[in-house]
1. Confirm whether A267 is touching a residue at least 40 places away in the same chain (Cβ under 8 Å) and within 24 Å of D215 (Cα to Cα).
2. Counting only residues that are assigned to a helix (DSSP H, G or I) and touching a helix residue (DSSP H, G or I) at 6+ places or on another chain (Cβ under 6 Å), which one in segment 273-299 is surrounded by the fewest Cβ atoms within 10 Å (Cβ to Cβ)?
3. Give just the number: which of (1) at pLDDT below 95; (2) touching a Leu at 6+ places or on another chain (Cβ under 8 Å); (3) farther than 26 Å from P126 by Cα does G266 not satisfy?
4. Output the residues belonging to segment 167-193 that are of a type in the set (G, A, S) and part of a helix (DSSP H, G or I).
5. Among the candidates M161, M122, which residue alone is on the phi < 0 side of the Ramachandran plot and either surrounded by fewer than 23 Cβ atoms within 10 Å (Cβ to Cβ) or within 23 Å of the chain's Cα centre (by Cα) (or both)?
6. Hey, P250 hits all of (1) in contact (Cβ under 8 Å) with a residue 40 or more places away in the chain; (2) assigned to a loop (DSSP other than H, G, I, E, B) but one; which does it fall short on?
7. Sort out which residues of segment 129-139 are open to solvent by 20 Å² or more (accessible area, probe 1.4 Å) and either in contact with a Gly (Cβ under 6 Å, 6 or more places away or on another chain) or in contact (Cβ under 8 Å) with a residue 12 or more places away in the chain (or both), and write them in order of number.
8. Taking only pairs six or more apart or across chains, which ones have beta-carbon atoms under 7 Å, a first residue in segment 97-111 that is over 13 Å from S260 (Cβ atoms), and a second residue that is open to solvent by 20 Å² or more (accessible area, probe 1.4 Å) and part of a strand (DSSP E or B)?
Amino acid sequence: MEKKVYKDLSREELRQLHAQLSKEYADAKEKGLKLDMSRGKPSVIQLDMGMDIFDVLNAYSDMRNIDKVDVRNYGVLDGIVEAKHMMADIMGVSADHVIVCGNASLTIMYDTVSRSMTHGVMGSTPWCKLDRVKFLCPVPGYDRHFAITEHFGIEMINVPMTPQGPDMDMVEKLVAEDESIKGIWCVPKYSNPQGYSYSDETVRRFAALKPAAKDFRIFWDNAYSVHHLYEDRQDEILEILTECEKAGNPDMVYEFASTSKISFSGAGVAAIAASRDNLDFIKKSMTIQTIGYDKINQLRHVRYFKNFDGIKAHMRRHANIMRPKFEAVQQVLERELDGLQIGSWTNPNGGYFISFDAMEGCAKAIVAKCKEAGVTLTGAGATFPYGKDPMDSNIRIAPSFPTPEEMAQATDLFVLCVKLVSVEKLLGM
């Protein structure tokens, strides 16, 4: 009976199924599970894997970089040259387009929005002095992006995502017509949460945008640029700075990246890439904000990874840990939900998340039932601006932190909750 499409079941069949699922759910609650799939945190094994990074510098190390800069002292506002090249390789850009900052790209994004609010963008009117400021937000998307723009009182406009990237017809129309639209959030590779990567056409259309606002910027968060799960199935995207230059829009993009899910979360190296004019403008504020970021950490990272091949080798080790967890989730979802027409999900080639779409109006109830039975998920609605999913259907699954066995357990409970809530929806309960 379970493999029949749920909406084709009679009310009596649905009631019988509800009784069966309710008993299974009561039994599941008795197990006392305590599993967390709420955030994309690297597992302890992944963190342990990089502990030898602390062995590359010690009390006897030469603390001068290739330019003979003593990294223990003040100076070098935009990062040591080796770190620029390391982050440039991760982003696929030229090192002279890079500023290396502190430990987190989220901080750079916050600062970039804050600077635009108080001091404008390359001579434009500060956003805080304008009547309205708006941002486009591909949805579902990254909750922390939306939190930044909401924090500054910026109005957010939902733009639907497709497997090729945001709906570019809508993006092109909106930015061309509305001067108050000042930016768009993008996770172009292995997007959060769907794991989609922007097609070549999408990237070229971004680069060729004709915004009404001269201070419009694409916030290109390339968080998962080297975060593949498979050796033989790797998404690649066009490099946005180059495409913007080709299209005559060299200043239109800020690109962000970090080593937070390469080395350590919150103790890595982060960077911004942009045109030279953008970087010059950014540096004017940076000279007030800091004399320089943590160059010791920058040197530690470049001596540890040595080159881009070293980074790729390290990421293959990450993939070997992550891949079984993603596959454990996919196997349970396919076995238990395929053909029932009560949910759909993505099967990404990289990144940190799987996106699940339940029946309309079911996401909050599913997340609540999971929590009651001991499995914590990202809050329903978190993948939309203001925490409001208009369909109440999207749920982000983060497989990285638990073990593969725990992920299978958690997903078993998750699909049970999906089934139970779906039956209750169909019964009008």
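The values are calculated or read from the model by the stated rules, or taken from the named source; none is laboratory data. Note that the structure is a prediction, hence the values are computed from the model and not measured. Don't worry about glycine lacking a Cβ; one is built from the backbone with ideal geometry, like all the others, and counts go over all protein chains shown. Keep in mind that these areas ignore ligands, DNA and RNA; they rest on the heavy atoms of the full protein, side chains included. Shrake-Rupley method; radii C 1.70, N 1.55, O 1.52, S 1.80 Å.
1. no
2. Across segment 273-299, the extreme among qualifying residues is S285.
3. Here G266 clears every test but (2).
4. Across segment 167-193, the qualifying residue is only A176.
5. M161
6. Looking at each condition in turn, P250 falls short on (1).
7. Correct list: L130, D131, R132, K134.
8. Short answer, once both residue conditions are applied: none.
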